[in-house]
Amino acid sequence: MGYSEGIIYLSDLIDMSSVVIEKTAFGTLPSNEAVWCYTLSHPQGGKVSILTFGAALQSWQVDEQTDIVLGYDNLAAYQQNPHYLGVIVGRYANRIAKGQFSLNDIHYQVPQNQGGNCLHGGEQGFSHRNWQAEIIEKDGLPSLALKLTSENGDQGFPGTLKAEVHYSMPAANQLRIEYRAMSDRDTLFNPTSHGYFNLAGHHSGNALAQQVRIAASNVLKIDETGIPLGPLSEVANSVFDLRKPVTLGEIYSSMPEELSGTRGYDHNWCLDAYAPEQAACYAGSLMAPALGTELQVYTDMPGLQLYTANFLDNGLKGKDGADYGAYHGVCLESQLYPDSPNQPAYPSACLAEGNTFYSRTEYRFITTKAAE
Ligand code: GLA
């Protein structure tokens, strides 16, 4: 339903029955399992392709010419995908310090797959699995439901976790992502969608002329391995103040000291609008002033990681022969704060046995000025 009390959004009223979902073959895994591509088309605009492998957002055609999502056109590339292009990340997005945490007085060690920390739930996390797809319809809105069972002990995490991600298009060029999960033992859960966006098109080179905005008065400062130092830091009078839009190229033209270790933004902001049990609120935007377009993010999660593809290898081959490189895409990843299992003051990532996890994030592409 609507996102703020008393406001009913148009997207809740439109007859959505005409969203079309098509299925095509994308590839076959060595196990002979088929990987499918599902394309959701909204009659008023926007075509989104999702793969069963990694539950990945593979493309988003906002108009005939412009696909705003970086991706690959072959399965082998998704099986590698060291930069997590487009995929759903889990069980725990972002980092857990040294891959260690305690839950119910039991100590767990999960993979230390980046700089001594656990990144994105380990190398064989949700991003590298083939999900089961089903087309469902709820309140007249067709959705693509992707399902995955992660067994007890998968990547070292406790509990057999049954996860679902639903993709739908409630309005033209709006992508809704809903997460659900249940575990048979207390566990951790912190999923995200790792789309790299470029409003000028995935093959248009760097996105440094684009702007970012994040509705957050606080950010998490990090150590040299990307782990939050602890307390929330006020953004005022710093390069982390994105409450008014900033142009990436202007900030990066002489790389500020605070961003040099990460070669740019790769931090988590603490969203002002967040409150537990609250519906999704506006979190931030990527904007292309020259094009008059904007991608807005709405979420019920407390954090937003901004990552500007600082470490994308130059010459990485993308869809349609595109050459990707550093700063070619911008990730706005809704999630819990990094390393929350080791930071009792942060919103908890604990999913209790038998409880249902639910979270919703929406990406809304809008035009901010009329075409000339
Ligand atoms: C997240 C991390 C980055 C990087 C990317 C994927 O955004 O914070 O450091 O690992 O994922 O490459």
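The values are calculated or read from the model by the stated rules, or taken from the named source; none is laboratory data. None of these values were measured; they are calculated from a predicted model. Cβ coordinates were reconstructed from backbone atoms using ideal geometry, including for glycine residues, and neighbour counts include every protein chain displayed.
General observations
- Test: residue in the stretch 95-113 that is among the small types (Gly, Ala, Ser) and surrounded by fewer than 15 Cβ atoms within 10 Å (Cβ to Cβ): yes
- The stretch 258-297 - residue that is acidic (Asp, Glu) and over 17 Å from residue 243 (Cα atoms) and, of those, modelled with the highest pLDDT: 258
- Meets criteria (over 23 Å from residue 231 (Cα atoms) and small (Gly, Ala, Ser)) for residue 326: yes
- Those residues of the stretch 322-339 which are outside any strand (DSSP E or B) and either away from the ligand (no atom under 11 Å from the Cβ) or free of Cβ contacts under 8 Å to residues at least 12 places away in the same chain (or both), in sequence order: 322, 325, 326, 327, 328, 336, 337, 339
- Restricting attention to the stretch 114-132, the residues being within 16 Å of the ligand (Cβ to nearest atom) and surrounded by 18 or more Cβ atoms within 10 Å (Cβ to Cβ) number 10.
- When residue 345 is tested against (1) surrounded by 14 or more Cβ atoms within 10 Å (Cβ to Cβ); (2) within 29 Å of residue 99 (Cβ to Cβ), exactly one condition is not met: (1).
- Residue 71 being in contact with a Lys or Arg (Cβ under 6 Å, 6 or more places away or on another chain) and part of a loop (DSSP other than H, G, I, E, B): yes
- Residue match in the stretch 95-109 (condition: over 28 Å from residue 171 (Cβ atoms) and acidic (Asp, Glu)): yes
- Test set (1) within 16 Å of the ligand (Cβ to nearest atom); (2) surrounded by 15 or more Cβ atoms within 10 Å (Cβ to Cβ); (3) not in a helix (DSSP H, G or I) - residue 146 fails condition number: (1)
- Every listed requirement among (1) crowded, with 22+ Cβ neighbours inside 10 Å; (2) not in a strand (DSSP E or B) is met by residue 49 save one, (2).
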